[in-house]
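Have a look at the structure below, then the notes.
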Amino acid sequence: MNITNLTLTELAAKFQSGELTSRAITEAFIKNIEAHDSDINAFVNTTFDLAREMADAADSRYQNKTLLSPLDGIPMDLKDVVSTQEAPTTASSKILENYIPPFDATVWQKLKAAGVVLLGKTNTDEFTMGASTETSAFGVTKNPHNTQKVAGGSSGGPAASVAAEFSAGSIGTDTGGSIRQPASFCGVTGLKVSYGRVSRWGTIPMASSLDTIGPIAKTAQDCALILQTIAGQDPKDSTTSDKPVPDYLAGLGKSLAGMTIGIPKEYIVDGIDPEVLNTFNATKAICEELGAKLVDISLANTKYAVPTYYIIAPAEISANMSRFDGIRFGTLPDGTTDLQSIYKETRTQGLGDEVKRRILIGGYALSAGYYDAFYRKAQKVRTLIKQDFDTAFLEVDAIITPVSPTPAFDIGENKDDPLKMYLEDIFTIPASLAGICGISTPIGKSKDGLPIGAQILGPAFTEDRILNIAHQIQLNIT
Amino acid sequence: MITQDEVRHIAGLVKLKLSGEEVTKFTDQLGTILDFFAQLQEANTDGVEETSQVTGLSNITRSDEITVDGQELALLACSPHKIENRSIKIPKVL
């Protein structure tokens, strides 16, 4: 049996029936990481000793019939912005290279309490700022399908880890597409939850009005299992919703018959790769065969989404990054004695170019004389973008689009052109601004063997619905 | 168009030190990005409210009770500076 090839759902079933021990499952993933991560660079730090201990504890619980949850004994990794007491949490930045948090993020507290085994922390663009993991201070993560290509980003480490069979599932973060796009590039499933569905407490923030945390795994069913454990209100994150958490697995059996799915014309643009378009059209046909009614819709303000996002996100970034001032974290730069030089040297030496660029954009957009023209204007356009979705969802149950206009691009291709890199998120950013949920599902491959993905968007707090649509597509795709 | 002086000014506000080469590079890149932002001005936002959050929640409060998590010293230990009297000791501000 090829253990690492199994889905998280299958592994959980085999562990709970006694067919496989957690230790055997864990060793199989460790073996893959040891053999192949030098080619992929998915992990920033591994925690194999801890993983073996946690797996043995899960096996004892199986013997004693005291299993903690459906995820008990399952080895996973976490994007390296999720605070863990057991391992450094670097945000893939030099400024936090040696930082070990004295607390656990809520999402890790929940997974640990569910019995999940931690294999390590996976790579991201520095402080999640990027679409390719090329801004990581610890090297780019390569695409397991072709190591000349990026894994996508910012959750490139988590997506590559699942695709390379280094872990059964992972936790990523998505602010403007950072779960959906790498999941698509790596041929795995990634769920961006509605804003407020999963607690962000203890996860290093980028843009606080946009950040979300969600699962990346092989299938929609796997994502449903993980979401069940991490969703819900948290008193420590006042933006979490008190809406009840539905039974996501129970929602997976529903037929698509009678469902209306919208295709926004603004997402079928000239620059779209023909192979992406053909594969997407084949997926539309599958939805129709499954009984869904497809209708053309318009999200008229889509063209403003990227500039709106790249004003609002950097504004929030410049505020969030002010905590990295050399007082509470980091190492003291040599020869700094006065406060101003501690601030400046710590940030100048510890942060990379993309982080600096976004702090500068944010500082500019919020500065006197520019606030109204940039920040206030962007917040108004954000309302228009959100209203587009509100109106569309009066008519349709869900929306389906490509995740990205192209399959994974070459490492280095966009590195010196920040604007081109920002435009990579053109199809994922609008949903982030609206705070709604979206799932990225693999729908095929290009002739060069690169994965292609579709994104299914639903109204806020309809994760059950979009997980089911992705699940139905996954069951019926050839 | 953003000027090199403006980039230097903003860098000062956000506490970053830029070399001459970096000022040139960031001025060029920020110029391109800000030009791209200009298209937002076409959008008609007359009478449109601003969206600063999308939770649908308002005024989330908790009871005013002190909770002790016992982590003060561990949090202080993350600092690269001297710790005295349960405080981080930094160089004088003024």
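A:SER255 meets all of the listed conditions (1) closer than 24 Å to A:GLY130 by Cβ; (2) touching a Gly at 6+ places or on another chain (Cβ under 8 Å); (3) of a type outside the set (Asp, Glu) but one, namely (1).
Suppose the filter is modelled with pLDDT of 95 or more, assigned to a helix (DSSP H, G or I) and at the interface with chain B (Cβ under 8 Å from one of its Cβ atoms); does A:VAL381 pass it? Against the criterion (modelled with pLDDT of 95 or more, assigned to a helix (DSSP H, G or I) and at the interface with chain B (Cβ under 8 Å from one of its Cβ atoms)), A:VAL381 qualifies. For region A:242-269, the candidate set comprises residues that are touching a Ser or Thr at 6+ places or on another chain (Cβ under 7 Å) and surrounded by 15 or more Cβ atoms within 10 Å (Cβ to Cβ); within that set, the residue that is farthest from A:LEU8 (Cα to Cα) is A:GLU266. I need the full set of residues from region A:400-419 which are surrounded by fewer than 20 Cβ atoms within 10 Å (Cβ to Cβ) and of a type in the set (Gly, Ala, Ser), in order please. Within region A:400-419, just A:GLY412 meets the criteria.
I'd like to check something: does region A:455-468 contain any residue that is touching a helix residue (DSSP H, G or I) at 6+ places or on another chain (Cβ under 9 Å), away from every other protein chain (no Cβ under 14 Å), among the acidic types (Asp, Glu) and surrounded by fewer than 24 Cβ atoms within 10 Å (Cβ to Cβ)? Yes, because at least one residue in region A:455-468 is touching a helix residue (DSSP H, G or I) at 6+ places or on another chain (Cβ under 9 Å), away from every other protein chain (no Cβ under 14 Å), among the acidic types (Asp, Glu) and surrounded by fewer than 24 Cβ atoms within 10 Å (Cβ to Cβ).
Per-residue answers, yes or no, for (1) free of Cβ contacts under 8 Å to residues at least 24 places away in the same chain; (2) under 28 Å from A:ASP59 (Cβ atoms):
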site	(1), (2)
A:SER83	no, yes
A:ILE100	yes, yes
A:GLY115	no, yes
A:LEU119	no, yes
A:LYS142	no, no
A:THR147	no, no
A:VAL162	no, yes
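Scanning region A:56-82 for residues that are surrounded by fewer than 24 Cβ atoms within 10 Å (Cβ to Cβ) and more than 17 Å from A:GLN228 (Cα to Cα) yields A:ASP56, A:ALA57, A:ASP59, A:SER60, A:ARG61, A:TYR62, A:GLN63, A:ASN64, A:LYS65, A:THR66. Condition test on A:THR391, is it under 29 Å from B:GLN4 (Cβ atoms), among the hydroxyl-bearing types (Ser, Thr, Tyr) and in a helix (DSSP H, G or I)? Criteria not met by A:THR391. Scanning region A:10-19 turns up no residue that is aliphatic (A, V, I, L, M) and either in contact with a Lys or Arg (Cβ under 6 Å, 6 or more places away or on another chain) or over 21 Å from A:ILE230 (Cβ atoms) (or both). Among residues of region A:340-361 being buried (at least 23 other Cβ atoms within 10 Å of the Cβ) and of a type outside the set (A, V, I, L, M), the one that is nearest to the other protein chains (Cβ to nearest Cβ) is A:ARG347.
Among the residues making up region A:235-254, a single one is within 14 Å of chain B (Cβ to nearest Cβ), among the acidic types (Asp, Glu) and either part of a loop (DSSP other than H, G, I, E, B) or touching a Pro at 6+ places or on another chain (Cβ under 8 Å) (or both): A:ASP242. The criterion of at least 2 residues that are under 26 Å from A:ILE477 (Cβ atoms) and at pLDDT 95 or above is met by the following helices (runs of 4 or more DSSP H) wholly inside region A:72-191: A:156-163, A:180-186. Here A:THR337 fits the description: more than 22 Å from A:ILE429 (Cβ to Cβ), outside any helix (DSSP H, G or I), within 8 Å of chain B (Cβ to nearest Cβ) and among the β-branched types (Val, Ile, Thr). Within region A:207-225, take every residue that is aliphatic (A, V, I, L, M) and within 13 Å of the chain's Cα centre (by Cα) and give me the one that is nearest to A:ALA431 (Cα to Cα). In this case the residue turns out to be A:LEU210.
Just one of (1) of a type outside the set (Asp, Glu); (2) under 23 Å from the mean Cα position of the chain (by Cα); (3) surrounded by 19 or more Cβ atoms within 10 Å (Cβ to Cβ) fails for A:ASN45. It is (3). Here region A:436-449 is the region considered, the condition is being surrounded by 22 or more Cβ atoms within 10 Å (Cβ to Cβ) and not polar (S, T, N, Q), and the residue that is farthest from A:PHE409 (Cα to Cα) is A:ILE436. Scanning region A:420-434 for residues that are buried (at least 24 other Cβ atoms within 10 Å of the Cβ) and within 13 Å of chain B (Cβ to nearest Cβ) gives A:PRO430, A:ALA431, A:SER432, A:LEU433, A:ALA434. The residue that is farthest from the other protein chains (Cβ to nearest Cβ), counting only those in region A:320-334 that are buried (at least 17 other Cβ atoms within 10 Å of the Cβ) and in a helix (DSSP H, G or I), is A:ASN320.
Here is a yes/no grid of residues against (1) touching a residue at least 40 places away in the same chain (Cβ under 8 Å); (2) at the interface with chain B (Cβ under 9 Å from one of its Cβ atoms); (3) of a type outside the set (Ser, Thr, Tyr):
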residue	(1), (2), (3)
A:PRO307	yes, yes, yes
A:GLU316	yes, no, yes
A:GLY363	yes, yes, yes
A:ALA373	no, yes, yes
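Filtering A:ILE286, A:ILE312, A:ILE272 for residues that are surrounded by 23 or more Cβ atoms within 10 Å (Cβ to Cβ), touching a residue at least 24 places away in the same chain (Cβ under 8 Å) and either more than 14 Å from every other protein chain (Cβ to nearest Cβ) or assigned to a helix (DSSP H, G or I) (or both) leaves a single hit, A:ILE312. Any residue at all in region B:10-21 that's more than 7 Å from every other protein chain (Cβ to nearest Cβ), surrounded by 10 or more Cβ atoms within 10 Å (Cβ to Cβ) and either among the aliphatic types (A, V, I, L, M) or part of a helix (DSSP H, G or I) (or both)? Looking for residues that are more than 7 Å from every other protein chain (Cβ to nearest Cβ), surrounded by 10 or more Cβ atoms within 10 Å (Cβ to Cβ) and either among the aliphatic types (A, V, I, L, M) or part of a helix (DSSP H, G or I) (or both), one finds at least one in region B:10-21, hence yes. Of A:LEU332, A:LEU360, all but one fail to be of a type outside the set (Val, Ile, Thr) and in contact with a Leu (Cβ under 8 Å, 6 or more places away or on another chain); the exception is A:LEU360.
Of the residues making up region B:12-46, those that are in contact (Cβ under 8 Å) with a residue 12 or more places away in the chain and within 21 Å of the chain's Cα centre (by Cα) number 6. The set of residues from region A:403-425 being hydrophobic (A, V, I, L, M, F, W, C), under 20 Å from A:VAL276 (Cα atoms) and at pLDDT below 95 comprises A:MET421, A:LEU423.
Against the criterion of being touching a Phe, Trp or Tyr at 6+ places or on another chain (Cβ under 7 Å), within 30 Å of A:GLN387 (Cβ to Cβ), within 8 Å of chain A (Cβ to nearest Cβ) and assigned to a loop (DSSP other than H, G, I, E, B), B:THR45 does not qualify.
The values are calculated or read from the model by the stated rules, or taken from the named source; none is laboratory data. Keep in mind it's a predicted model, so treat the numbers as computed, not measured. Glycine gets a Cβ as well: all are built from the backbone with ideal geometry, and neighbour counts include every protein chain shown.
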